[in-house]
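Below you'll find the structure, written out as structure tokens, and then a few comments.
The values are calculated or read from the model by the stated rules, or taken from the named source; none is laboratory data. All figures in this text were calculated on a predicted structure; none of them were measured in a lab. As a convention, Cβ positions derive from the backbone with ideal geometry for all residues, glycine included, and neighbour counts pool all protein chains shown.
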Amino acid sequence: MELRVLLQAIVSGLLTGGVYALIGVGLNLIFGVMKIINFAHGSLLMLGMYSTYWLFTFFKIDPYLSLAITVPLLFLIGVIIQKVLINPIIEYPENNQLVLTMGVMLFLENLALFLWGPDFRTVKVSYVGTVLSLSIVRVNLLRFIAFAGGLLLALLLYIFLKKTDMGKAIRASSEEREGASVVGISVKRVHLISFGIGTACVGAAGTLMTPFFYLSPHVGHLFLLTAFMVVVMGGMGSFIGAIIGGFIIGLTESLGAVTLPGSLGQIIPFSLFVIILLFKPTGLFK
Amino acid sequence: MMSKQVKKLSYGLVFVATACFLFWGPHLLSSYLLHVVILILFFSFLGSAWNVVSGYAGQFSFGHSAFFGVGAYLSSLLYVKSGISPWIGMLVGAVFAAGLGGFIGYLTFRYKLKGAFFALSTFAFSEMLRIIALNWSITGKAMGILIPLKEGGSFQAFQFIDKLSYYYIILLMVLCVLSVSYGLDHSKLGYYFKAIREDEEAAGSLGINILKYKTIALAISAFFTALGGTFYAQYMFYIDPDIAFGTNVTIEMILRTMLGGVGTVFGPLIGSAVLESMAEVIRSFLGEYKGVSLMLYAAMLIFVMIFFPHGLMGLVRRRPKEAADPIKR
């Protein structure tokens with residue numbers, strides 16, 4: 001294979017990895033704090049994408065500026081889901097929680113289908129074709145912004161978790177729920193905020209992807225298993241792990257696509273995922 | 001107070017009446033209603049199969065479409081490529097799926113993958129199979145497999161013109177899987193499964209070979225799920241990678257079982273009947289609005305999960321004592 005193709009695949013894999021990292025960080029936060037596997041994560045990504053689409057279509061708001069609206073909006077949606085649906089069953093067995101988030105996924109997807117129809121939609125910004133040339137590798141500007149934006153938001157979240165009181169409370173409850181409540185942390189409030197932030201992260205990832213990806217009510221399915229893989233590979237509850245997991249999945253996916261015919265390349269990240277699950281189920285970084 | 005004989009007689013009468021109803025009743029149904037009944041039975045069959053490993057043994061699988069797809073594809077391929085009767089293909093598929101289930105079970109349980117981790121690894125296996133089916137020329141890639149029709153139907157080819165034949169076949173399959181579930185409720189094997197579900201470490205310390213029995217549970221479950229796959233392929237005469245290995249069929253199995261009552265004999269049947277009839281009623285009223293029926297379906301599921309965590313069977317059955325109740329710990 002030509003070296004250029006390989007290099008191009010590596011760069012494009014890393015770029016995708018930046019977005020996967022942000023999706024994974026959101027899922028990871030929810031898992032870390034509440035120990036819930038959120039099957040609705042992909043549908044929340046879909047909601048983020050549609051919000052961006054409608055803001056662009058109706059109000060001509062640039063997709064990247066719309067982050068100022070989509071992030072708080074998705075945060076609010078996350079808080080509502082947590083308060084109304086997840087909180088009542090937080091002490092129930094894991095299977096019930098899995099099925100509940102599955103129900104939320106089905107509901108949101110079909111809500112989108114009902115409101116906006118099954119059509120595939122795209123957002124066309126004026127700078128869609130802009131390409132940056134770095135010697136022999138070419139980088140699509142939109143993908144680069146998504147990559148940089150994803151990492152920047154993840155970094156902001158990291159600082160928030162490390163430096164602020166709320167961030168510390170979140171980390172404390174994720175390590176020891178009961179212990180945290182004993183020292184006066186309102187675990188309920190921590191859960192609300194964590195679910196809100198996790199949702200806002202995936203919403204932001206959706207917004208960042210909208211300019212170069214198509215939307216449909218079922219688009220979340222494409223990213224659901226990816227998000228799980230990112231989180232499990234890096235280690236559930238490990239922040240850095242989720243970021244590195246994002247890059248691993250992005251890279252293997254993109255390398256698989258250039259080395260294997262058709263969509264067969266997708267099998268590479270899956271196999272890697274299963275292998276890691278088998279030999280180090282707690283993830284690479286935990 | 002009824003004497004023992006009268007009681008026996010009345011049970012016998014109820015049994016005969018039920019049998020007559022199940023046998024003759026469908027003759028009165030329209031083709032559409034018969035189709036609905038077949039779907040109810042079909043999904044309850046799949047739900048019961050899933051229930052063996054996820055309900056009784058407590059290992060939540062999110063990748064049962066892997067076994068469903070193996071059953072559907074193997075029997076169809078054997079029939080289309082080499083003319084082998086789907087009845088034989090059905091058995092071959094089921095045995096193969098049981099082997100696959102044993103393999104996946106052995107791999108994952110050996111490394112003590114539990115709960116969400118086990119669910120996700122089964123999900124990854126089913127996705128891998130979907131991608132293989134999507135890219136392999138033998139399985140017809142994205143086009144899937146269209147089963148050629150025989151004029152006038154043929155028992156040997158598992159093709160019937162009237163829906164009644166399909167009804168009797170799926171009825172028989174459901175009775176079969178229900179007796180397996182009943183057997184699990186009343187046998188040593190079933191007690192092992194339940195012990196593992198309730199407290200794995202305690203079960204292990206009592207000498208139950210956890211790895212072995214979890215793997216057996218998954219293999220049994222996979223075996224029956226694959227039978228359902230063949231039935232589906234022969235009823236619809238068409239399968240493709242998304243139908244066979246996609247998440248939709250897995251979600252149907254899980255939702256119906258959880259709604260009816262997970263880990264119970266009749267839960268999957270009740271859940272399937274309630275959801276299917278509800279979906280049909282909603283569809284007939286709101287059919288032109290895309291997505292509404294599934295939205296209500298999802299809303300009902302969420303409602304049941306929050307307010308009736310034992311599923312609908314929890315309303316009928318005597319509730320376990322507070323301390324023994326796994327839901328309210």
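Computed quantities for the displayed model
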| read-out | value |
| --- | --- |
| Residue satisfying condition, being surrounded by fewer than 24 Cβ atoms within 10 Å (Cβ to Cβ), touching a helix residue (DSSP H, G or I) at 6+ places or on another chain (Cβ under 6 Å) and under 30 Å from B:E127 (Cβ atoms), within set B:F42, B:F62 | B:F42 |
| Residue that is farthest from the other protein chains (Cβ to nearest Cβ), among those in segment A:205-233 that are of a type outside the set (A, V, I, L, M) and under 14 Å from the mean Cα position of the chain (by Cα) | A:T207 |
| Residues satisfying the stated conditions in segment B:147-197, i.e. surrounded by 15 or more Cβ atoms within 10 Å (Cβ to Cβ) and in contact with a Gly (Cβ under 6 Å, 6 or more places away or on another chain) | B:Q159, B:F160, B:L184, B:R197 |
| A:L44 more than 8 Å from chain B (Cβ to nearest Cβ), modelled with pLDDT of 90 or more and within 23 Å of A:V230 (Cα to Cα) | yes |
| Scope segment B:130-146; condition within 10 Å of another protein chain (Cβ to nearest Cβ), part of a helix (DSSP H, G or I) and either surrounded by 23 or more Cβ atoms within 10 Å (Cβ to Cβ) or not aliphatic (A, V, I, L, M) (or both); matching residues | B:R130, B:N135, B:K141 |
| Criterion violated by B:T215 - all others in (1) touching a strand residue (DSSP E or B) at 6+ places or on another chain (Cβ under 7 Å); (2) buried (at least 18 other Cβ atoms within 10 Å of the Cβ) satisfied | (1) |
| Selection count, segment B:78-131, where residues are more than 27 Å from B:I170 (Cβ to Cβ) and among the β-branched types (V, I, T) | 2 |
| Answer residue from segment B:101-115, given it is among the hydrophobic types (A, V, I, L, M, F, W, C) and free of Cβ contacts under 8 Å to residues at least 24 places away in the same chain and is farthest from the other protein chains (Cβ to nearest Cβ) among those | B:F103 |
| Number of positions in segment A:92-148 that are over 16 Å from A:Y50 (Cβ atoms), within 14 Å of chain B (Cβ to nearest Cβ) and not β-branched (V, I, T) | 11 |
| Test set (1) under 25 Å from B:P241 (Cβ atoms); (2) without any contact (Cβ under 8 Å) to a residue 40 or more places away in the chain; (3) within 14 Å of another protein chain (Cβ to nearest Cβ) - B:L91 fails condition number | (3) |
| Among the residues listed as A:L192, A:L264, the single one being at pLDDT 90 or above, surrounded by fewer than 21 Cβ atoms within 10 Å (Cβ to Cβ) and not aromatic (F, W, Y) | A:L192 |
| Qualifying residue in segment B:42-50 (condition: over 13 Å from the mean Cα position of the chain (by Cα) and of a type outside the set (G, A, S)) | no |
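Listed here are the residues, each with its yes/no results for (1) polar (S, T, N, Q); (2) closer than 22 Å to B:L269 by Cβ; (3) touching a strand residue (DSSP E or B) at 6+ places or on another chain (Cβ under 8 Å).
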{"site": "B:P26", "(1), (2), (3)": "no, yes, no"}
{"site": "B:L34", "(1), (2), (3)": "no, yes, no"}
{"site": "B:S48", "(1), (2), (3)": "yes, yes, no"}
{"site": "B:G63", "(1), (2), (3)": "no, no, no"}
{"site": "B:A66", "(1), (2), (3)": "no, no, no"}
{"site": "B:S76", "(1), (2), (3)": "yes, no, yes"}
